[in-house]
Amino acid sequence: KIQSPWYLRIHNAERYYKAWESKFKCEKLYRYYEGFQWNSLDTNNQYHRPYTMNVVYASIKSKIANLLYTNPQFEISPRPGKMDWNQEFAVTSAQLKQDVLNTIIDNPQADITEDIKLAALDSFFRFGVMEVGYSADWQNPNKPTLYTKSHDDLSINEDKDRVLEDLEVPVSEQVYFKHIFAKRFRVSTSDSPKLKNCNWCGYYEFIPKSVLQNTKGINFPKVLSDRYYSVDYADATQYFNKVEMNEETANAIKNGEICKVWRIWDNVSHTKLLLLDGQFETLYEGEFERLPFPTYRFDIALTGSWYPIPPVWQWISSQDEINESREQMRRYRRRFTRKFQYVKGSVIPDELDKMKNEIDGEMIETKREGAIQIIQNPDLGAAIQVGLVTAKDDFDIIAANPVSRGRASDRQTATAVNKISEIEELRESVEQIDFSKFVCAAGREAILCAGENLSLGVWIKYTQDPGNDLEELQANMPVWKYITASDIEDGYDFDIKINVVNATPAQMAQEEIKFVKFLTLVSQFPQIALSPTLIRETAYRVGYRNERAIREMQKQAMLMMMEKAAMMQTSLMGAAMQQQNGGVNNQAKGITSRGTPNSTDEIQSQLQNQVG
């Protein structure tokens, strides 16, 4: 008898997911990444193992290097709110949230870099999912497993089992980041391209039975269904049946049991559930305000489904063509070794044995001319070589690999190569922007969880000088401050971005090119350097997004404008003073000249002119 409504919901979601997984061959895509790309040939024999040129693996490694951040750091800026929004306080609030978030990220227990990398890798074959939450109990993935008595003695039955040691996490309260394997994540059959519009979503995981039994707040059933997982079986595909085992084996599995549980977030009732697989009994129930799942998908399906189109699905045909071409070339090399023919009776048998030796330049005696001749091998054929080159180019175009830019230059015009490069750079930029949004969504959820749930305060490290009185101290060591949840949850909204200073070497090289181009344009056109508006427009035109550097350039532009205005004002004042001084001097000269009597020569000249 089925009592839980989640039995049918989860079973339908499982069928829905399996249909999508089968359609895009997700398991096959992952095998291609591992290098198992031949299905019809024998792969066990080392010598006859087919040739595999794994460009899928190489492309994914290259793309991940352009997506990931070596040490993620966030920048938070205020977002205007209601009419009573205070800009000065909003800036201070944003700076405080930034310091809180970066302090959480820097905690080695968070280990966000590894979770982001796993999510990025998962997105090539399915999709990337992370869970961001707050916990000080069993839900925290950093909490060690309970140490029970049955761990050392498998003969102990369920009634006598007890907890010997319950280790706490180093930080009792913690905002955690947890990568969710895509193969375990499910959405409702009434799904939507947006996860928040699905009726429900969730994932399954395996938790030791002793943890569920001995954790407060979990209503573990006294009578469990006769289905068990081995404690060493991480992801079981079938149940163990006690009837098929003897009593000792059954007790060992029972006491070392791993329970499969479902963690469900119901968007209709806004409740999160912990369900025991089988009859789906409810072990735990709570409320939630937002879904804690930042997700990353390369391509959204046009069918309206939340499940995406895996990018590696588009690479399979070109990958198969590359392997087949390389395998044909290798077969030719192995099959067509040098062979010779000779006329029977024209060579002494002892001389024929010399053909099998590896001595170079050895003389062979024959009874007539031309007795031994080499058998010519057939040509490899240009079609195989051309097919290999074409398959590589096709793969690079589909996958937007940057290696195609250099190789294509030998066979295409410069215009065509530049066009391909522009398309590839555009695709890479879009992928990086989308992935940055995914990382920023995880950071935003982390700071919201901290503000809503922290009951104790945390020490945060300032990233900027909080005041002149600490300037000398901060020059030598970090400045820390103790804050509470009320300091974070202040009602002021914010925007969050990734700091590109902590990007991978490939991203840093791209940012360097953008920065040099930005400075070049500013220096070549003086009118840009004098306008803060033109500086920002120039930075965005070349793709440069470092807000701190842009604001610093704008400050310099404002100073230059003020200096230029001051110089112009000084020049005008000087000209006015000079003109004023010039008029006074002319007037004084006139008065002086009128008050001075004429000389004798001037008087005689004037009298002669009058007589004439």
Residues of the stretch 187-203 being open to solvent by less than 30 Å² (accessible area, probe 1.4 Å) and out of contact with any Asp or Glu (no Cβ under 7 Å at 6 or more places or on another chain), in sequence order, are 187, 188, 192, 195, 201, 202, 203
Taking the stated definitions as given, is residue 410 at pLDDT 75 or above, of a type in the set (Asp, Glu), open to solvent by 40 Å² or more (accessible area, probe 1.4 Å) and out of contact with any Leu (no Cβ under 7 Å at 6 or more places or on another chain)? no
- Within the stretch 64-85, is even one residue farther than 18 Å from residue 450 by Cα, among the basic types (Lys, Arg) and modelled with pLDDT under 80? yes
Note on the stretch 50-100: residues surrounded by 20 or more Cβ atoms within 10 Å (Cβ to Cβ), in contact with a strand residue (DSSP E or B) (Cβ under 9 Å, 6 or more places away or on another chain) and among the hydroxyl-bearing types (Ser, Thr, Tyr) are 69, 93
Quick check on the stretch 39-47. Is at least one of its residues modelled with pLDDT of 90 or more, open to solvent by 80 Å² or more (accessible area, probe 1.4 Å) and either farther than 30 Å from residue 95 by Cβ or among the charged types (D, E, K, R) (or both)? no
Might you check whether a residue that is basic (Lys, Arg), in contact with a strand residue (DSSP E or B) (Cβ under 9 Å, 6 or more places away or on another chain), more than 28 Å from residue 438 (Cβ to Cβ) and at pLDDT below 90 occurs anywhere in the stretch 210-225? no
Going through the stretch 65-94 in order, the residues found to be within 28 Å of residue 296 (Cβ to Cβ) and either in contact with an Asp or Glu (Cβ under 6 Å, 6 or more places away or on another chain) or not in a strand (DSSP E or B) (or both) are 65, 66, 67, 68, 70, 71, 72, 73, 77, 79, 94
Picking from 21, 34, the residue that is open to solvent by 50 Å² or more (accessible area, probe 1.4 Å) and either at pLDDT 85 or above or of a type in the set (Gly, Ala, Ser) (or both) would be 34
Residue pairs qualifying under the 6 Å Cβ cut-off, at least six apart or on distinct chains, with the first in the stretch 304-328 being under 30 Å from residue 386 (Cβ atoms) and the second being hydroxyl-bearing (Ser, Thr, Tyr) and surrounded by fewer than 17 Cβ atoms within 10 Å (Cβ to Cβ), are 326/51; 327/51
Only unsatisfied item for residue 27, checking (1) under 25 Å from the mean Cα position of the chain (by Cα); (2) modelled with pLDDT under 90, is (2)
Across the stretch 101-135, the tally of residues that are open to solvent by 50 Å² or more (accessible area, probe 1.4 Å) and either farther than 29 Å from residue 22 by Cβ or modelled with pLDDT under 85 (or both) stands at 7
Scanning the stretch 444-461 for residues that are in contact with a helix residue (DSSP H, G or I) (Cβ under 6 Å, 6 or more places away or on another chain) and either outside any helix (DSSP H, G or I) or at pLDDT below 70 (or both), the one farthest from residue 72 (Cα to Cα) turns out to be 454
Any residue at all in the stretch 537-556 that is modelled with pLDDT of 70 or more, farther than 30 Å from residue 439 by Cβ, open to solvent by 80 Å² or more (accessible area, probe 1.4 Å) and more than 24 Å from the chain's Cα centre (by Cα)? yes
Scanning the stretch 309-352 residue by residue, the ones that are modelled with pLDDT under 75, exposed (fewer than 13 other Cβ atoms within 10 Å of the Cβ) and in a loop (DSSP other than H, G, I, E, B) total 2
Taking the stretch 353-389 and keeping residues open to solvent by 90 Å² or more (accessible area, probe 1.4 Å), at pLDDT 70 or above and among the charged types (D, E, K, R) leaves 356, 365, 367, 368, 369
Within the stretch 53-90, residues being more than 28 Å from the chain's Cα centre (by Cα) and not aromatic (Phe, Trp, Tyr) number 9
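The values are calculated or read from the model by the stated rules, or taken from the named source; none is laboratory data. Please read all numbers here as calculations on a predicted model, not as lab measurements. Backbone-built Cβ (ideal geometry, glycine too); neighbour counts: all protein chains shown. Side chains are part of the model used for accessible areas, which takes the heavy atoms of the whole protein and leaves out ligands, DNA and RNA. Shrake-Rupley method; radii C 1.70, N 1.55, O 1.52, S 1.80 Å.
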